[in-house]
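A short write-up of the structure that comes next.
The values are calculated or read from the model by the stated rules, or taken from the named source; none is laboratory data. From a predicted model like this one, the values you see are computed outputs, not experimental measurements. So basically every Cβ, Gly included, is an ideal-geometry build from the backbone, and we count neighbours across all protein chains shown. Note: accessible area is taken over every heavy atom of the protein model, side chains too, but ligands, DNA and RNA are not part of it. Shrake-Rupley method; radii C 1.70, N 1.55, O 1.52, S 1.80 Å.
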Amino acid sequence: MKGFIIKEFYHIFRDVRTMVILFGMPVVQVLIFGFAISTEIKDAKIAILDYSRDNMSLELSNKIISSDYFILSEILEDENQIETVFKAGKIKEVIIFGDNFARNLQKEQNASIQIIADASDPNTANLLVNYTTGIIRNYMTEKMGKQSMPIEINTEYKMLFNPEIKSVFMFVPGIITILLMLVSAMMTSISIAREKELGTMEVLLVSPLKPIQIVVGKVIPYVVLSFVNAITILLLAFFVFGMPVQGSVILLLAESLLFIIMALALGVFISTVSNSQQTAMMISMFALMLPTILLSGFIFPIENMPEVLQWLCNLMPTKWFIIIVKDIMLKGVGLAHIWQETFIITGMTALFIGLSVRKFKIRLE
Amino acid sequence: MRTILFILQKEFIQIFRNKTMLPIIFIVPLVQLMVLSYTATFEIKNVNLFIVDQDSSPSSRDLASKFKGSPFFTVVDFSVSYTVAEEALINNKTDQILQIPPGFEKEIISDKKSSLHVTTNAINGSAASLMNAYALSIIKDYNSNIIVEQLGLRQPPDPIRISSAFWYNPELNYFTYMVPGILVLLVTVISVFLSALNIVREKEIGTIEQINVTPIRKYQFILGKLIPFWIIALSELAFGLILAKLMFDIPMLGSLGLIFFVASVYLLVALGLGLLISTLTNTQQQSMFLTYFFMIIFILMSGLFTPVQSMPEWAQWMNKLNLIAYFIDVMRMILLKGSAFSDISRQFFSLLALAILLNALAVWRYRKVA
């Protein structure tokens, strides 16, 4: 048994390329997510069509351009050009100042501005229009003087668990989950399918090792690897992005271990139903990768999905693990709050182990 | 030419003989297109709200009923204790807490000034900002209502009329944006992975030796490997587009011919990348892992989920190598805006350059000697 585990370790560590990726991937992903991926809008390219060109329209244009949200990329001459610049794809918004902007504003209090956004990206379009409107309103108050409300209700906001609204806080739990799933489920399913495909499984089956020992031996190296990966990500999140672990680190690691075991059981199950590496990989790929990204609440909130899909999400172990990680890291709660999620993952683990044991054949066809 | 035909025949027989792979290649991506398109939305349609009414006056009840009447909010519970509400927030029973402090009504009447507290679960920062904006707009409405009711004043209209228009997608429908992107993703994933695993599989099983000793030339072999996947991926794109039209009613303003023309070059890039990975690795496991590594990075940086222009300079520079980013751009521009070839020429020539580069590298790396 011990010898068998050592053999498996050799198999994995001998393969330098895989090792580099295995340890490089978490680092690269956390850094990319942390620095490059953000749902905020910055430096959107806009065009301005100014029919007035007076001191006030220029002043307001300058205000808009000098904000962090916008970059002026083109000045248009007439409305026919709008279609052209949108089709070329760079420009996301066009701001049109009506005739006699300054005079209308000062004399008649009735100037007009039209904002046209390229809503082929609806989210960005909506945000850009909101930002622009905000800047114009500020300008109005500045010019017209603050009109104080006769009765004023002040609203104080408190952003709980993530006061600086950093996107990383949202993404780190997801990255940990994706990587654990990948390393554990995919790698085991492929490594077992590989022995089948190459015919070396036969050698193992006729050896005095029991099937359960074979599976456990296959799985242990990946437990160790996944665990190291999880710790790497947590350290990066903490030191590079200042993401705290409010709750108990030991509880977090224990839950991670549970999730790793679940993923490994899933991997073994996949390998028992597939006869080649390619099949195992494609099943892992389509059953794990995209649903893990999209049906787990990693990027898109589950509550907004149609009812049927919300049910589907409940079947994703990743959904429950992401909740656990967020709760422990950001909310700082203890086991009392997350026992349900923990229980569900434990149940799934038992299910996958049970299925694999039933499916595992000691004979070859 | 005949040699290539024979290799093609062999490859097609191999693909269609594998009964587990067939549904994975053809059906799963289309099912995913249907399912995943529904998941990918940043819209917040429903906010669970917990109201802590410590004033329990007519005014506070009035405000609470405004939130109850809003389509965005579902009031999940009431209490007078903030601690109870915060507990609910920690347990994910609610997303937001509206706290109406004692004396709310009295202050409105006597001081003409009052305050409210809104607490939001901000783990998902962008969702939290949206929820705050929803709450604020209801509170503002309520505020101007009481001004009208109590003082009989109407606010003067703004001196600048701001009107906004949303072109190409006036209803801000999220499917219109996501479906073309997800389609690109599925076609790419299938073609890169299939080609990445193909040659390496022959290496691992040892059948590559048999091919190496035949008089087949390098380019014939590579072409024979590429063409079947190229055809499969193109037909998948066609199916996907039909589905997008029928199920999601995605507008198709531009020329479909142009889409397939760019797609045919794009798939050469995707397949070339797969082949290159295939020649660089020795086992399917390595190859799969390497592919997975690149795909995740390409997908996340492609602008499918998050806007590219808000990424830092270095990330945008890296995106010059990101095949997925180019094609998602092209698909969205042609389908949704009806862009013509001159609008997408930059993307097209970049893809062409990548196609030549990657395939040249792949042919160069492929050695007939073991």
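Would you check which residues across the stretch B:72-84 are farther than 18 Å from B:Asn46 by Cα and aliphatic (A, V, I, L, M) and list them?
Within the stretch B:72-84, B:Val80, B:Val84 meet the criteria.
Being within 7 Å of another protein chain (Cβ to nearest Cβ), polar (S, T, N, Q) and open to solvent by 50 Å² or more (accessible area, probe 1.4 Å), is that true of even one residue in the stretch B:113-122?
So in the stretch B:113-122, the residues within 7 Å of another protein chain (Cβ to nearest Cβ) come out as B:113-122.
From the residues that got through so far, the ones that are polar (S, T, N, Q) too are B:114-115, B:119-121.
Now drop any that are not open to solvent by 50 Å² or more (accessible area, probe 1.4 Å), which leaves none.
Scanning the stretch B:113-122, I find no residue that is within 7 Å of another protein chain (Cβ to nearest Cβ), polar (S, T, N, Q) and open to solvent by 50 Å² or more (accessible area, probe 1.4 Å), so the answer is no.
Can you find even one residue in the stretch A:45-63 that is facing another protein chain (nearest Cβ under 9 Å) and within 34 Å of the chain's Cα centre (by Cα)?
Yes: the stretch A:45-63 contains one or more residues that are facing another protein chain (nearest Cβ under 9 Å) and within 34 Å of the chain's Cα centre (by Cα).
Can you list the helices (runs of 4 or more DSSP H) found entirely within the stretch B:212-329 that contain at least 2 residues being away from every other protein chain (no Cβ under 14 Å) and surrounded by fewer than 19 Cβ atoms within 10 Å (Cβ to Cβ)?
B:218-248, B:256-280
So, in the stretch B:70-93, of the ones that are among the β-branched types (Val, Ile, Thr) and within 11 Å of chain A (Cβ to nearest Cβ), which residue ends up surrounded by the fewest Cβ atoms within 10 Å (Cβ to Cβ)?
B:Thr74
B:Arg201 - would you say it is open to solvent by 50 Å² or more (accessible area, probe 1.4 Å), at the interface with chain A (Cβ under 10 Å from one of its Cβ atoms), basic (Lys, Arg) and within 30 Å of A:Thr133 (Cβ to Cβ)? Walk me through how you get there before you give the answer.
On the way: open to solvent by 50 Å² or more (accessible area, probe 1.4 Å): yes; at the interface with chain A (Cβ under 10 Å from one of its Cβ atoms): yes; basic (Lys, Arg): yes; within 30 Å of A:Thr133 (Cβ to Cβ): no.
The answer is no for B:Arg201.
Exactly one condition in (1) surrounded by fewer than 15 Cβ atoms within 10 Å (Cβ to Cβ); (2) within 13 Å of another protein chain (Cβ to nearest Cβ) is false for A:Glu77; which is it?
The single condition A:Glu77 does not satisfy is (2).
Assuming A:Ala336 fulfils every condition listed in (1) in contact with a Phe, Trp or Tyr (Cβ under 9 Å, 6 or more places away or on another chain); (2) at pLDDT 80 or above; (3) in a helix (DSSP H, G or I) apart from one, which condition is it?
For A:Ala336, the failing item is (1).
Just checking, which of B:Gln54, B:Gln99 is more than 10 Å from chain A (Cβ to nearest Cβ) and more than 31 Å from the chain's Cα centre (by Cα)?
After applying the criteria, what remains is B:Gln54.
Among the residues of the stretch A:232-244, are any exposed (fewer than 14 other Cβ atoms within 10 Å of the Cβ) and modelled with pLDDT of 85 or more?
yes
Pick from the stretch A:299-326 the residues that are closer than 20 Å to B:Glu87 by Cα and at the interface with chain B (Cβ under 8 Å from one of its Cβ atoms): which of them is most open to solvent (accessible area, probe 1.4 Å)? It would help to see each step written out before you state the result.
First pass over the stretch A:299-326, keeping only residues closer than 20 Å to B:Glu87 by Cα: A:303, A:320, A:322-326.
Filter once more, so that each one left must be at the interface with chain B (Cβ under 8 Å from one of its Cβ atoms): A:303, A:323, A:326.
Values: A:Glu303: 105, A:Ile323: 37, A:Lys326: 31 Å².
Going through the qualifying residues, I end up with A:Glu303.
Which one is farthest from the other protein chains (Cβ to nearest Cβ), of the residues in the stretch B:123-138 that are touching a residue at least 60 places away in the same chain (Cβ under 8 Å) and open to solvent by 30 Å² or more (accessible area, probe 1.4 Å)?
In this case the residue turns out to be B:Tyr134.
Could you list, in sequence order, the residues of the stretch A:20-42 that are of a type outside the set (Ser, Thr, Tyr), at the interface with another protein chain (Cβ under 10 Å from one of its Cβ atoms) and surrounded by 17 or more Cβ atoms within 10 Å (Cβ to Cβ)?
A:Ile21, A:Leu22, A:Met25, A:Gln29, A:Ile32, A:Phe33, A:Ala36, A:Ile37, A:Ile41
Rundown of residues vs (1) open to solvent by 60 Å² or more (accessible area, probe 1.4 Å); (2) in a helix (DSSP H, G or I); (3) free of Cβ contacts under 8 Å to residues at least 40 places away in the same chain, yes/no style:
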| position | (1), (2), (3) |
| --- | --- |
| A:Glu195 | no, yes, yes |
| A:Leu209 | no, no, no |
| A:Val215 | no, yes, no |
| A:Val224 | yes, yes, yes |
| A:Phe227 | no, yes, yes |
| A:Leu252 | no, yes, no |
| A:Met262 | no, yes, no |
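A:Lys90 is checked against (1) open to solvent by 50 Å² or more (accessible area, probe 1.4 Å); (2) at the interface with chain B (Cβ under 8 Å from one of its Cβ atoms) and fails just one. What number does that condition carry?
(2)
Considering only residues that are in a helix (DSSP H, G or I) and either open to solvent by 30 Å² or more (accessible area, probe 1.4 Å) or farther than 27 Å from B:Glu43 by Cβ (or both), which ones fall in the stretch A:135-145?
A:Arg137, A:Asn138, A:Tyr139, A:Met140, A:Thr141, A:Glu142, A:Lys143, A:Met144
So A:Arg17 ticks every box in (1) within 8 Å of another protein chain (Cβ to nearest Cβ); (2) of a type in the set (D, E, K, R); (3) farther than 30 Å from A:Pro211 by Cα but one. Which box is left unticked?
(3)
Among (1) closer than 27 Å to A:Met316 by Cβ; (2) more than 10 Å from chain A (Cβ to nearest Cβ); (3) without any contact (Cβ under 8 Å) to a residue 60 or more places away in the chain, where does B:Met34 come up short?
(3) is the only condition that B:Met34 fails.
Go through the stretch B:36-51 residue by residue and tally those that are open to solvent by 20 Å² or more (accessible area, probe 1.4 Å), at pLDDT 80 or above and not aromatic (Phe, Trp, Tyr). Spell out the reasoning first.
The first filter runs over the stretch B:36-51 and keeps only residues open to solvent by 20 Å² or more (accessible area, probe 1.4 Å), leaving B:38, B:42-43, B:45-46, B:48.
Checking which are at pLDDT 80 or above leaves us with B:38, B:46, B:48.
Subset that is not aromatic (Phe, Trp, Tyr): B:46, B:48.
Going through the stretch B:36-51 one residue at a time, the tally reaches 2.
Looking at B:Gln99, B:Gln32, B:Gln54, B:Gln14, which is the one that is under 30 Å from B:Ile216 (Cα atoms) and open to solvent by 10 Å² or more (accessible area, probe 1.4 Å)?
Details: B:Gln99 fails: under 30 Å from B:Ile216 (Cα atoms); B:Gln32 fails: under 30 Å from B:Ile216 (Cα atoms); B:Gln54 fails: under 30 Å from B:Ile216 (Cα atoms).
Going through B:Gln99, B:Gln32, B:Gln54, B:Gln14 in turn, just one is under 30 Å from B:Ile216 (Cα atoms) and open to solvent by 10 Å² or more (accessible area, probe 1.4 Å): B:Gln14.
Name the residues in the stretch A:160-181 that are within 8 Å of chain B (Cβ to nearest Cβ) and hydroxyl-bearing (Ser, Thr, Tyr), would you?
Listed by number, the list holds a single entry, A:Ser167.
Since B:Phe260 meets every condition but one in (1) free of Cβ contacts under 8 Å to residues at least 40 places away in the same chain; (2) more than 19 Å from B:Ala353 (Cα to Cα), which condition does it not meet?
Here B:Phe260 clears every test but (2).
Looking at B:Asp158, B:Asp141, can you tell me which residue is among the acidic types (Asp, Glu) and within 7 Å of chain A (Cβ to nearest Cβ)?
Selected residue: B:Asp158, the only one of B:Asp158, B:Asp141 that is among the acidic types (Asp, Glu) and within 7 Å of chain A (Cβ to nearest Cβ).
Is there a residue in the stretch A:281-294 that is more than 8 Å from every other protein chain (Cβ to nearest Cβ), surrounded by fewer than 19 Cβ atoms within 10 Å (Cβ to Cβ), over 20 Å from B:Leu30 (Cα atoms) and modelled with pLDDT under 90?
no
Anything in the stretch A:149-193 that is over 27 Å from A:Phe35 (Cβ atoms), not in a strand (DSSP E or B) and not assigned by TED's automatic domain parsing to the domain that holds A:Val223? List them, or say none.
Matches in the stretch A:149-193: A:Met149, A:Pro150, A:Ile151.
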